[in-house]
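Before any comments, here is the structure.
The values are calculated or read from the model by the stated rules, or taken from the named source; none is laboratory data. These figures come from a predicted structure and were not determined experimentally. With ideal geometry, Cβ positions are generated from the backbone for all residues, glycine too; neighbour counts draw on all protein chains shown. We work out accessible area using only protein heavy atoms, side chains counted, and drop any ligands, DNA or RNA first. Shrake-Rupley method; radii C 1.70, N 1.55, O 1.52, S 1.80 Å.
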Amino acid sequence: MEEIKLRMVGSDNYSVQEALKVLRTNLQFCGQNIRVIVLTSCDENEGKTTISLHIAKSFAELGKKVLFIDADMRKSVLAGRNTNARDVLGLSEVLSGQRSLTDCIYKTDITGLHVLLAGKYPPNPVELLNGKVFAMLLSEARKVYDYVIIDSPPLGRVIDAAVIASRCDGAALVIGGNDVRRKQAKEVVEQLRKCDCHLLGVIRNNTVAPKGRYMYKKRSSYKYSYSSSVKSSK
């Protein structure tokens, strides 16, 4: 299994790391049966991929065995932006039957964290995600890993995340900045609920603390700089 290095924004920021620890703790309090988690957003550039990767890293730092899946087979930039991987093989090759799962999983420089990148862009991502191979992939991953963290495309743009969520234990919605409208966020939440997937909560991203420090924040009177329970709903 080839090893790659990860490049992650915020790894050296104390406030960000403390916020992520609180997020990790609250995800754990959602229950031991919440092991396969998908993250999505309303639109692009809300920080969903960065948060997803940090969550996977945070669980690995607890000694858990974690698989991070980049399921954005439409326009993912994770491989080039966050890794040093070359000639990438990934999820699209596995789901299309071109390669086996073991051929496409990468070890990382973080102990316990493995990564399945998106691979080459296929013409039919929804069909691939809705097929039996993806269901089998997640079933096999459950046997090997303590947690599977899936980064999906924005649900406000394409339906991929809803297809993925239907096979997961829980879903979280990342909202970054102030450009997302309430109506759009409500529509995305309703779409996730239709999948019969447990909605774990909303992660508020790209907020600035009073002293100008970058931090993550969650709605429902919950800031990641404080200890509080995740508000869940079905």
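Among the cysteines of the chain, C30, C42, C104, C168 have no other cysteine beta carbon within less than 4.7 Å of their own. Across the protein chains, with a 1.4 Å probe defining accessible surface, the residues E46, E3 rank E3, E46 from largest area downward.
Relative contact order for the chain: 29 percent, from Cα pairs under 8 Å spaced at least 6 residues apart, divided by residue count. Think of a 1.4 Å ball rolled over the protein heavy atoms: the chain then has 50 Å² of accessible area per residue.
Per residue, the chain reaches -9500 deg cm²/dmol at 222 nm when only DSSP H runs of four or more residues are counted, each adding -39500 (n - 2.57).
The charge dipole of the chain, taken about the Cα centre with unit charges on the Cβ atoms of Lys, Arg (+1) and Asp, Glu (-1), comes to about 860 debye, rounded to the nearest 20. Placing unit charges on each Cβ (+1 for Lys and Arg, -1 for Asp and Glu) gives the chain a dipole about its Cα centre, and among S166, L138, P123 the Cα reaching farthest toward its positive end belongs to S166.
Working note: Cα atoms of segment 44-181, range along each principal axis, descending, whole Å: 41, 35, 31. The chymotrypsin sites (Phe, Trp or Tyr not before Pro) of segment 47-120 include none that meets both conditions, a loop assignment by DSSP and at most 15 other Cβ atoms within 10 Å of the site Cβ.
Percent of accessible area on the chain owned by carbon and sulfur, 1.4 Å probe?
Here it works out to 47 percent.
The length gained by stretching the chain between R181 and K21 to full extension, at 0.36 nm per residue less their Cα-Cα distance, is 54.8 nm.
E18 exposes around 60 Å² of accessible area when a 1.4 Å probe is run over every protein chain in place.
Nearest-5 percent of antiparallel DSSP beta bridges in the chain? The antiparallel proportion sits near 30 percent.
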